[in-house]
Each structure stands twice: as structure tokens, then as C-alpha cells.
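Visitor: My questions all concern the structure below.
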Amino acid sequence: MAQKDDIDAAIARVLTSGSYVLGPEVAAFEVEFAQYVGVRHAVAVANGTDAITLALRALGIADGEVITTPLTAVATVAGIVAAGATAIVCDINADTLTLDPSAVERAISPRTRALLPVHLYGGVADLDALTEIARRHGVRLIEDCAQAPGARWRGRACGSFGDIGCFSFYPTKNLGALGDGGMAVTDDEELAARLRRLRQYGWDALRNTRETGINSRLDEVQAAVLRVKLKRLDADNARRRQIASRYDAGLAGLPVTTVRADAQTSPVHHLYVVRLRDRAGALTALEARGVRAGVHYPCLVHHEPGYASRVRAVGSMAVAEDAVETVISLPMFPQLTDAQVDEVIAALREVLQARAAA
């Protein structure tokens, strides 16, 4: 109830303020979120997809190629396409299901302008290798942190490694608003200034239009709510880690493969994902036992009909093609009780034992 009371008070504060868009709540949230990530600047925008689009535009990437992962929400490539660039996808690591640096090396061409790793499921892509690749080839690094606010690589927050880090505050995210919201973070003052112009028609501080922009503003209500929830993010992420550890222990010895975070990562378990064969049968059997699991994601982005012409796959996709057929997301959110986690474990155990006996 304490958080509900705080959220109610935050909303009431906005409603009586007379300021509803890009006001003091947004400004305060930008400062607090930048401090949380450990960067100098945070620029609030309407959603995570816009954060990617505006990041690319702020970096001057209006064409060329951006290398990213084929196993992600379509929002990642939607942001690339909206900026005018072409998405290039390459294979992923078999353990973490994040971008495979060796595949990235093979995919780089003279038209490559940026790398855009996705910190999938609350884990973190190999930022040591990807940062070095970007530096060596003279391309930009943009982090898609939509599923990983609070995750760390070697003790440092994701979003702080690249030229720009992009976050989503969609309600189901670890840090979720009551609607849409997003953030782009950077240490570069000039990039931050350009992001602020681009999010509001290209206006400068005097509302003179220096370049074409879009309307991508976070409203005051969402900012006020997110300020409340940011204070609990570390505690919620800690609970997600407890739940993941309980799943790990309960599923040990079963014929499932758990998606693992890299050893350098402190993950935040946006999702808890396992891989198993005959996924459709398993989902049906789990549903019959009262467990609703999901699939993230059922289609590789370069196979999505709406984006196929703007996404190109380079090299073998063997790992990604296997993963997209086998991943299952088990229930994961901080309010899950230990008893509920144990019920999920028991249901999956029954399903797999029945399968083995058949």
C-alpha cells in the first residue's frame, strides 16, 4: 500500500500543478535517472522505440546499416527503420541469446554505422567485446536497455557504455509507467542537447527550429509515477533475482536449458526463459495446470512481414533459429510469492515427467 499511496500523491501533485508536459516532474526524473545509470544526461521521450530513433538521428545516422539481434521485440528494428537506416541482424550467443560478437565482426561492412545490442531478458550483451569492436571499426554503440534497467556489466550500469543508452518504461518493464514512456541517456552534452531538440520538433530553448524533429515528450504524470517507482527498482530487481534463483534450483536436473546471464553480468531478470522441445505441447500442458507461460519471441525480426524489406540477415542464424522455436518465458514479476514459484516448478516438472513417460 505504501507505493500506491506514494503514486496517488504523485499524481495529485501533478494534477494541482498546472504543468502537464515536460515540466518539473520530467526534469527531476531526468536528473534522478541519470544519477541512477551513472551518466551526465538523461532525456525523457514518449517511448522506448522513439529513444532508439532519436538516438540514431542525434548521432547523424539517417541511413546506412545498424547491426542488431534477430531475437528481440520488433520495436528495436522499428526504431532503426524510423530513423531511415537498415537493420542488419546476425547470430546470437547460445547461452545468453544476446548478440554474438564474433557474428558481429563478420557482419560489419563499409556501410555499418552503429551496433545496437539488446540487453535481452534482463541480461547484458558482451559489452567488453562490443565496445572494442565499435571502437576498432569507428562505428557508434547504442544500447537497447528496454528490458534491463538496473542490470550491470562488471559492476557498471548498462546504458552507460555506449554513445547513447535507450530505455522503455512500458508498463510491463522492470521500471514501468502507467502508460508509455522512454529515456535516452548519454555522457555527451552535445548529444543530449540535440536529443532535447529532436524530441520536440527541433526547437531550441527559444523555440526556434534548428532542424526537423518529432513530437516525443514524456508527460508529467508518467514522470511523477516513475520517480516513485525508481526508488523501488533495486528492491524489485533483487526480488526478481531471488525468484530466478528459486527457479534455477527447482528446475535443476530437468531436461530444460535455462538462458544464462554472462558471468560478468548482474542481471535483473525481466523474464525467466527456458528452452525445450515441443514448445506448443508444453505451453498447452502448463495452461491446463493453471500456469500461463509466454514466448519471447515467436518470430525472428527479419522474418516479420512488415519489416522484412528493411532487415537483412548476415551469416548463419543457427542459434537464433533454434532459440525462436524453443524459448518459453515462465511467470516472472516481483510480486510472485515463493509458493507460486514452486507451483510453476511443480507444473513444469509434471509436464516433463509425463512427456518422458509417454
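Just so you know, all these numbers are worked out from the coordinates, no wet-lab data involved. The shown structure was predicted, so the numbers you read here are calculated from the model rather than taken from an experiment. Here the Cβ positions follow ideal geometry from the backbone for every residue, glycine too, while neighbour counts run over all protein chains shown.
Visitor: From the phi angles alone, apply the Karplus equation (6.51, -1.76, 1.60; θ = phi - 60°) to the stretch 11-17 and give each ³J(HN,Hα) in whole Hz, x where the residue is Gly or Pro.
Guide: With the stated coefficients, the stretch 11-17 comes to 5, 4, 4, 5, 4, 9, 7 Hz.
Visitor: Something else about it: Select from LEU15, THR49, ALA223 the residue farthest towards the positive end of the dipole of the chain; place +1 on Cβ of Lys and Arg, -1 on Cβ of Asp and Glu, and compute about the Cα centre.
Guide: Value: LEU15.
Visitor: Quick one: among ARG310, ARG275, ARG106, which has the greatest mean-square fluctuation in a GNM of the chain with alpha-carbon springs under 10 angstrom?
Guide: ARG106
Visitor: As a check on your grasp of the helix formula, calculate [θ] at 222 nm for the chain: sum -39500 (n - 2.57) over DSSP H runs of n ≥ 4, divide by the residue count, round to the nearest 500.
Guide: Values: 12 runs with 145 residues, N = 358.
Theoretical 222 nm ellipticity from helices: -12500 deg cm²/dmol.
Visitor: Under 5 Å between amide H atoms, partner at least 5 residues away or on a different chain: which partners does ARG312 have, H built in plane at 1.01 Å?
Guide: ALA87, ILE88, VAL89
Visitor: Would you work out which of VAL311, THR265, GLN353 lies farthest towards the positive end of the dipole of the stretch 233-357? Charges go on Cβ: Lys and Arg +1, Asp and Glu -1.
Guide: Of VAL311, THR265, GLN353, it is VAL311.
Visitor: Calculate one ³J(HN,Hα) per residue across the stretch 334-347 by plugging θ = phi - 60° into the Karplus curve 6.51 cos²θ - 1.76 cosθ + 1.60, and present them in order as whole Hz with x for glycine and proline.
Guide: x, 7, 4, 8, 4, 5, 5, 4, 5, 5, 5, 4, 4, 5
Visitor: Please report the antiparallel percentage of the DSSP beta bridges confined to the chain, to the nearest 5.
Guide: 60 percent
Visitor: Still on this structure, I have one more. Dipole size in debye (nearest 20) for the chain around its Cα centre, Lys and Arg Cβ +1, Asp and Glu Cβ -1? Spell out each step's value before the answer.
Guide: Working: 39 positive and 42 negative charges, 34 e Å.
The dipole magnitude comes to about 160 debye.
Visitor: In a solvent-free Debye calculation with one equal scatterer on each Cα, what is log10 I(q)/I(0) for the stretch 2-230 at q = 0.16 Å⁻¹, listed in the order of the q values?
Guide: -1.05
Visitor: Do any trypsin sites (Lys or Arg not before Pro) in the stretch 1-97 lie in a DSSP loop with no more than 15 other beta carbon atoms within 10 Å, and if so, which?
Guide: Numbers: sites: LYS4, ARG13, ARG40, ARG57; in loops: ARG40.
Here the sparse-neighbourhood loop sites are ARG40.
Visitor: For VAL21, which sequence-distant residues (separation of 5 or more, or a different chain) have an amide H within less than 5 Å of its own amide H, given hydrogens modelled in the peptide plane?
Guide: For VAL21, the qualifying residues are GLU220.
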